[in-house]
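What follows is a single structure, written as structure tokens, with notes after it.
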Amino acid sequence: MSAASNTARANILGRLKAAPGRPGPDLAPWTPPTYTDKLVRFRQMAEANHAEIHDVTAETWPARLATILNNRGVGRLMVAPGTPRGDALLRAAAQGVPLPTLVPYDQPVEVLKDALVHRVDAGLTGTRGAIAETGTLILWPTAEEPRLLSLLPPLHIAVLEEDTLHDTLAAVVRDQGWAAGMPTNALLISGPSKTSDIEQTLAYGVHGPKELIILLIRKGE
Amino acid sequence: MAADGGMHAEHGPRFAERAPDALNNPQLRRNFRRAMDGLMAKRAAQFPDPAYWAELRERGAAVKARALAKLPDLLERLESRLTANGVQVHWAETTEEANAIVLGILQQAGARTVIKGKSMVSEEMHLNAHLERHGIEAVESDLGEYIIQLAGETPSHIVMPCIHKNKDEISDLFAEKIPGLERTGDVDELTAAARRVLRERFANADAGISGVNFAVAETGTLVLIENEGNGRLSTTLPPLHIAVTGIEKVVEYLDDIPPLLALLPRSATGQPITTYVNMISGPRKAGEKDGPTAVHLVLLDAGRSRVYQDVELADTLRCIRCAACMNHCPVYTRVGGHTYNAIYPGPIGKILTPQLQGLDAAGDQPHASTLCNACAEVCPVKIPIPDLLVRLRREAVRPTETPATHLPPLYSTVVKDGGAERSWTESLVWAGWRLVYTRPLLYRMVTRALAWGGNWVPADAPLMRDWTKARAKPRFKPRTLHDLARERGYLNEVPK
Ligand code: SF4
């Protein structure tokens, strides 16, 4: 911090501390909603957010994904090696599942930038769970599964397990004790990138993905 | 005095002089009416249960009020957490200082091009112009901001900056400014064109600059919300990220974020949540493959610590910049954002601008209101905007002195340039009014005189002129209301 910034700091804090004290109010009680069927709510809200949901099973999702992507003509799919989802796809491809060309995100963005910005059609990530209230996916990108994987490719595919659904953000932040250790970047994603800056008309894919596909792994199936 | 610094006083024609142009522009009025009607309906649909709305906003207001009660302490905690997380924290008393800090960071990194996420604080700083003067190109990436940057305009709304423009105007603008683009009325095509241009800008930018919606002291986390993904791109793709924020954006706990997030997008655009909620707690760690390697936060005062001195006025600092107050304001809807000639238009601007810029530069703003209370009813953090408007009107003519007990005395008046709107004519008129209204005999004489001769007083007589400039002069009836009431048998007595 520069000398000027230090002076500014001292002056700002000095003025704030010299101000008359005021009691901080007690937090008013607030009960975030709960849902008897989280899945129903999640589906309804995620679809309202323009996400496309496919019910899949833990064993066969790579084959199902291959069909979905082939129908769309996706040529290059970026995956994260070293993550359960990325590795499952790499294994499936090796076993002959007709997946698009898999491009690994295995180098720093400085090396892969051109491919990421221009030459992949889709990116696949896992999720940490989801929020029923708003139809929101929770992602905590990691060294293996970088931040831009869910952002730069025009199609984002996210794998979600049914039993990681939570009622609300309030509940998941509290129950999982997020405050004890936040990652570099925690993300909530609710649908594909969108804008309504031109005459309040919705348009998708303005900067991030134009489409979001959620592969929902049903429990016990 | 440094503490008085901050926004440049944006002198120029005042609100009342600018308003007629907007009022007589049917296209502009249609654009705003349509947009505001839509936003109001969408917001209302998000809060169908009045009891839940009341509970939620009570919580939101309390979270912000508690954070303000501990503001200096929380800022220090935020700083130490961020520093521990590897984020470099800078403090600026004025917008000039903040500009110098940002420029210094960019120059040290050798940055030539910057991609920007939406930030009202950077508008307050006039950051783009400052960087340009020093040879650094800053490109706005929020679609609305990009459009007005192309047009060389300023935002007319704090959430939807180009809301004053319709599709045809944007289509003409793009055809003129984006090489190779034909004129098109298709919103998807216009959006795709902006994506193409801005993708390259993102890929080549040396730095990203963003605002902050909430800064969490407990964890050292910067929370940014947006729909487009440009905010995530600006804060992830370039090697350097600089966030700028006002000192009032800090909250204490991560648990404080969910209620605020439940209020902000719903109040702003009628969405249950924005597409992206981006929580940043530090730069790229060893082994991580993307994210900026350096993150800076610039904490800007620019008059906020002065607003903080007065416990009533400090409610202004609870604002979470949702824009619901302007969306519901009958004045804003009719004149649009540019008429205010201020960074923050609408009701929040009418209380914030005079406090940051001073009552000399912006003392007219609190008068651009009917005090209808719509803003206070929708404000998700319960800022009593109409009360503060009235308070500021008073401060402009009868300023509160800084209490003598307040040591060291920081300012002479509580609000900057208190008393700036004082006028002898107005004081005289009110003194006369009081005289007449507290002496029944005098009152009777004056009303009788007016009933008899009031209509002969010309509309542009001195003292009358200011009133009749924008209003018809009232016609006096030959008989006063008192006469008529008495005739009908109403008694001037308090019933027992
Ligand atoms: S004053 Fe209230 S309604 Fe207006 S922008 Fe701020 S938080 Fe929203």
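The values are calculated or read from the model by the stated rules, or taken from the named source; none is laboratory data. Treat the numbers as computed from the prediction; the structure is a model and nothing was measured. Virtual Cβ from ideal backbone geometry, glycine too; neighbours counted across all protein chains shown. Heads up: the accessible areas ignore ligands, DNA and RNA and are worked out on the full protein's heavy atoms, side chains in. Shrake-Rupley method; radii C 1.70, N 1.55, O 1.52, S 1.80 Å.
Of the solvent-accessible surface of chain B, computed with a 1.4 Å probe over protein heavy atoms with every protein chain present, carbon and sulfur atoms account for 55 percent. Using a simple spin-label model with pseudo-atoms 7 Å out from Cα toward Cβ, B:Glu132 and B:Trp424 lie 4.5 nm apart. Qualifying trypsin sites (Lys or Arg not before Pro) in region B:450-482, where qualification requires a DSSP coil assignment and no more than 16 other C-beta atoms within 10 Å, comprise B:Lys469, B:Arg471, B:Arg475, B:Arg479.
For region B:203-226 and region A:76-104, what is the separation of their Cα centres, given in Å? Taking the Cα centre of region A:76-104 as reference, the centre of region B:203-226 is 32 Å away. Bridgeable lysines around B:Lys477 (alpha carbons under 29 Å apart, same-chain partners fewer than 8 residues away excluded): B:Lys469. Distance between the pseudo-spin-label points of B:Asp483 and A:Asp26 (7 Å out from Cα toward the beta carbon): 6.2 nm.
Between B:Asp360 and B:Ala461, the C-beta separation translates, for a Förster distance of 41 Å, into a calculated FRET efficiency of about 0.90. Centroid-to-centroid, using Cα positions, region B:119-159 and region B:251-326 are 19 Å apart. A 1.4 Å probe, protein heavy atoms only, puts the accessible area of B:Asp466 near 110 Å². For the set A:Asp197, A:Asp175, A:Asp114, solvent exposure ranked by accessible area (probe 1.4 Å, protein chains only) runs largest to smallest as A:Asp175, A:Asp114, A:Asp197.
Note on B:Asp206: accessible area approximately 50 square angstrom, rounded to 10, probe 1.4 Å, nucleic acids and ligands left out. Between B:Gln108 and B:Arg398, the distance separating the two model label sites (each 7 Å from Cα on the Cα→Cβ line) works out to 5.1 nm.
Could you work out the local net charge near A:Pro108, counting Lys and Arg as +1, Asp and Glu as -1, over the other residues with Cβ closer than 15 Å to its Cβ?
So the surrounding residues net to -2.
Just tell me which lysines come within less than 24 Å, Cα to Cα, of A:Lys219; anything on the same chain fewer than 8 places away is out. Reachable lysines: A:Lys38.
Only protein heavy atoms count here; under a 1.4 Å probe, B:Ser80 has an accessible surface of about 70 Å².
Computed from protein heavy atoms with a 1.4 Å probe, the total accessible area buried between B and A is close to 7800 Å².
As a calculated quantity, the FRET efficiency between B:Arg199 and B:Glu377 at R0 = 35 Å, using C-beta atoms, amounts to about 0.25. Need the C-alpha centroid separation for region B:422-455 versus region A:1-67, integer Å. Comparing the Cα centres of region B:422-455 and region A:1-67, I get a distance of 59 Å. Relative to the current alpha-carbon distance between B:Glu17 and B:Glu153, full extension at 0.36 nm per residue lengthens the span by 47.0 nm. Ordered from highest to lowest accessible area with the whole protein assembly present and a 1.4 Å probe, A:Tyr105, B:Tyr253 read as B:Tyr253, A:Tyr105.
Note on surface exposure: B:His241, B:His338, B:His482 rank B:His482, B:His338, B:His241 by accessible area, highest first, 1.4 Å probe. Straight Cα distances below 27 angstrom link B:Lys167 to the lysines A:Lys194, A:Lys210, B:Lys42, B:Lys116, B:Lys118, B:Lys177, with same-chain residues fewer than 8 positions distant left out.
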